[in-house]
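Here is the structure we will look at, set down as structure tokens.
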Amino acid sequence: MRFSISTAFQPVDHLPVLARAADELGYHSLAVPDHVVDLEELATPYPYTDDGSRRWDFSAEWPDPWVLIGSLAAVTTRLRFFTSVYVPSIRNPFQVAKSVGTAAVLSGNRVALGVGIGWCREEFALLEQDFSTRGRRTDEALALMTELWKPGWTEFEGEFYAAPRMVMEPTPTERIPIIVGGLSDVAFRRAARHDGWVGDLYSTDQAISLAGKLADARRAIGAEGDFSVITALADAFLPEHFERAEAGGVTDCWTMPWAYYHGLEASVDQKVDGMERFAKDVLVPLNG
């Protein structure tokens, strides 16, 4: 079982400290969320709460993921980074490819692109992108970006995007993994075509059930090779709890380990202490 630190809603000045601690303590990666703006009034309900309200208040900070990853890669040596999740369909895919590819080069290939199709209709309108075609545009953008990340000349012709013969440098020296968020059957099929799936907060039983659905989606298309199932677990805190999740198909758990020891409103020193204690209590017994 691999463990990632979630950076959602954390003060930006805490993040270099948390990244260095995660790098030293053996955590696998940092998970970086994405929103361009936080609009005061929304008609679109937030899809991950029962009443549609957002989980954060307006003081929450949303740094640009790829600027942040580039900065944190410079103060770490082995820690990986992924977005949880980035919304390419509210942006131009050429600019997304440039940002992600540059972060991959500067980090020494330590990044993965976690994507979702997006839920906030008002944010799409603000950035002048069509909300109704976001799923199809996401699929096409991923295909286009995968080509742009290859060395040499690229040409592409799609329904929404076209690339005349061009190069985009620098190019990563390794393939950038793509992981997909979402709970619909379409999202599961999209994830099955790529390198993994990233979820929200679930019980272990729910996470194992979702891992099974993803395995079914991969079998349906004959997918083989490594595949990540990344989620937070609401009822796991002992090594044996995480072992059970891993046996059920969950490969990665993202967490804020200081919450186990100090609560979510912890100081930066308490956060590092919680990471150290969780590493001793869980990472070392599980992984050595």
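Rule-based calculations on the coordinates, nothing more; no lab input. Just so it is clear, the structure is predicted and the values come from calculations on it, not from any experiment. Positions of Cβ are generated from backbone atoms using ideal geometry, with glycine treated the same way; all protein chains shown enter the neighbour counts.
Worth pointing out:
- Pairwise centroid distance, computed over Cα atoms, of region 172-207 with region 18-84, Å: 17 Å
- Each part gets one Cα centre, and for region 265-288 versus region 85-116 those centres are 29 Å apart.
- Rg/Rg_globular for the chain, with Rg_globular taken as 2.2 N^0.38 Å and Rg from C-alpha atoms: 0.99
- Restricting region 1-58 to chymotrypsin sites (Phe, Trp or Tyr not before Pro) in coil, as DSSP defines it, with at most 16 other Cβ within 10 Å: 9, 48, 56, 58
- DSSP finds beta bridges in the chain, and of those with both partners inside it, around 10 percent are antiparallel.
- With the convex hull of the Cα atoms taken as the outline of region 58-194, the averaged projected area works out to 9.1 nm².
- Over region 228-288, the Kirkwood radius and the radius of gyration, each from Cα atoms, give a ratio Rg/Rh of 0.98.
- Cross-link partners of residue 150 among aspartates and glutamates, defined as those whose alpha carbon lies under 12 angstrom from its own and excluding same-chain residues fewer than eight positions apart: 169, 174.
- Given +1 at the Cβ of Lys and Arg, -1 at the Cβ of Asp and Glu and no other charges, the dipole of region 2-257 around its Cα centre is 740 debye to the nearest 20.
- Eligible aspartates and glutamates near residue 213 by straight Cα distance, threshold 13 Å, same-chain separation 8 or greater: 185, 205
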